[in-house]
Amino acid sequence: MKREENDAMRNRILDSVITCKLNADGAEVALSQIASRAGISERTLNRYFPDKEMLLYDAAVRHLNQIYTAFAKRYKKADLNGLNGLERLILLIHMQTEHNKEDMSCAKAYVRAYTTAFRAAVYRDLPVIAYDAPVRDIVIQCIQDGIADGSIRDDINPSNMYLMISSNYIGLIQRLIYFYHVGDTKDKQKEKQKEDLFLVIDQYIEMLKKSLQVI
């Protein structure tokens with residue numbers, strides 16, 4: 001089989017995993033479901049992905065890349081005229097937050113894919129794949145531009161700062177998902193919890209802004 005056909009089949013299977021996981025809302029997904037969704041037999045599935053954990057890892061990485069690419073496209077369509085590096089960085093984080101706020105399924109998918117990818121990476125000693133490159137590159141560029149235009153402190157390391165922002169943000173989104181979906185809380189109470197947690201995220205963004213600003 002040609003490499004292009006092989007890659008196309010792998011991506012078809014990975015997209016099947018993503019769809020099945022989204023529809024399952026966190027529940028375990030059987031290989032038979034994944035194969036059926038992809039329109040192939042389990043035997044064919046096993047030939048491409050003999051290790052289920054690697055299958056889930058690769059699907060999570062692919063899904064994360066899709067999510068980050070969507071965020072990046074949304075950001076690039078925004079009006080950035082007259083904004084300095086720090087303002088563009090804060091705008092990007094606010095846009096990510098608004099996207100998650102509008103679509104809780106996106107927030108859940110984001111956390112689930114992120115958690116799956118990194119759990120596998122830690123336990124299986126897998127390489128860290130640049131799934132977040134579309135947004136990471138923008139964040140680092142914003143920080144570099146901010147240092148150059150004087151809006152961000154010049155003692156900031158762009159790569160290290162990106163890692164800190166990314167880990168803190170995903171932690172806040174994880175809190176959002178946990179509190180919003182735990183227990184049998186009434187809908188109005190859930191909505192209040194959601195709003196409170198998004199307020200915490202907004203407060204974090206403001207704290208981040210102050211920590212990066214040139215005094």
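A search for C-beta distances below 7 Å between a residue of the stretch 116-139 that is surrounded by fewer than 14 Cβ atoms within 10 Å (Cβ to Cβ) and any residue that is at pLDDT 75 or above and not hydroxyl-bearing (Ser, Thr, Tyr), counting only pairs 6+ apart in sequence or on different chains, returns 124/53. Return the residues of the stretch 70-79 that are exposed (fewer than 14 other Cβ atoms within 10 Å of the Cβ) and in contact with a helix residue (DSSP H, G or I) (Cβ under 7 Å, 6 or more places away or on another chain); say none if nothing qualifies. The answer is 78, and nothing else. Among all residues of the stretch 181-195, there is at least one that is at pLDDT 70 or above and loosely packed, with under 12 Cβ neighbours inside 10 Å.
Of all residues in the stretch 157-172, those that are farther than 16 Å from residue 203 by Cα have Cβ atoms under 7 Å from Cβ atoms of residues that are in a helix (DSSP H, G or I), 6 or more apart or on another chain, in 158/140; 158/143; 158/144; 159/140; 161/143; 162/136; 162/139; 162/140. Taking the criterion of being touching a helix residue (DSSP H, G or I) at 6+ places or on another chain (Cβ under 6 Å), crowded, with 17+ Cβ neighbours inside 10 Å and at pLDDT 90 or above, the residues of the stretch 34-69 that qualify are 34, 35, 37, 38, 45, 49.
Of all the numbered requirements in (1) more than 20 Å from the chain's Cα centre (by Cα); (2) farther than 26 Å from residue 167 by Cβ, residue 19 misses one, and that requirement is (1).
Every residue in the stretch 128-157 that is part of a helix (DSSP H, G or I), closer than 22 Å to residue 67 by Cα and of a type outside the set (Gly, Ala, Ser), please. Step through it out loud before you land on a result.
So the first thing to find is which residues in the stretch 128-157 are part of a helix (DSSP H, G or I), and the list is 133-149.
With the extra rule that they be closer than 22 Å to residue 67 by Cα, the set shrinks to 133-143.
Answer for the stretch 128-157, where residues must be part of a helix (DSSP H, G or I), closer than 22 Å to residue 67 by Cα and of a type outside the set (Gly, Ala, Ser): 134, 135, 136, 137, 138, 139, 140, 141, 142, 143.
Close contacts from the stretch 1-21, counting a first residue that is in a helix (DSSP H, G or I) and a second that is of a type in the set (S, T, N, Q), with Cβ to Cβ under 6 Å and a gap of 6+ residues or different chains, come to 20/33.
The values are calculated or read from the model by the stated rules, or taken from the named source; none is laboratory data. Just so you know, these numbers come straight off a predicted model, no measurement behind them. Cβ sites come from the backbone with ideal geometry, for glycine too, and all protein chains shown count toward neighbours.
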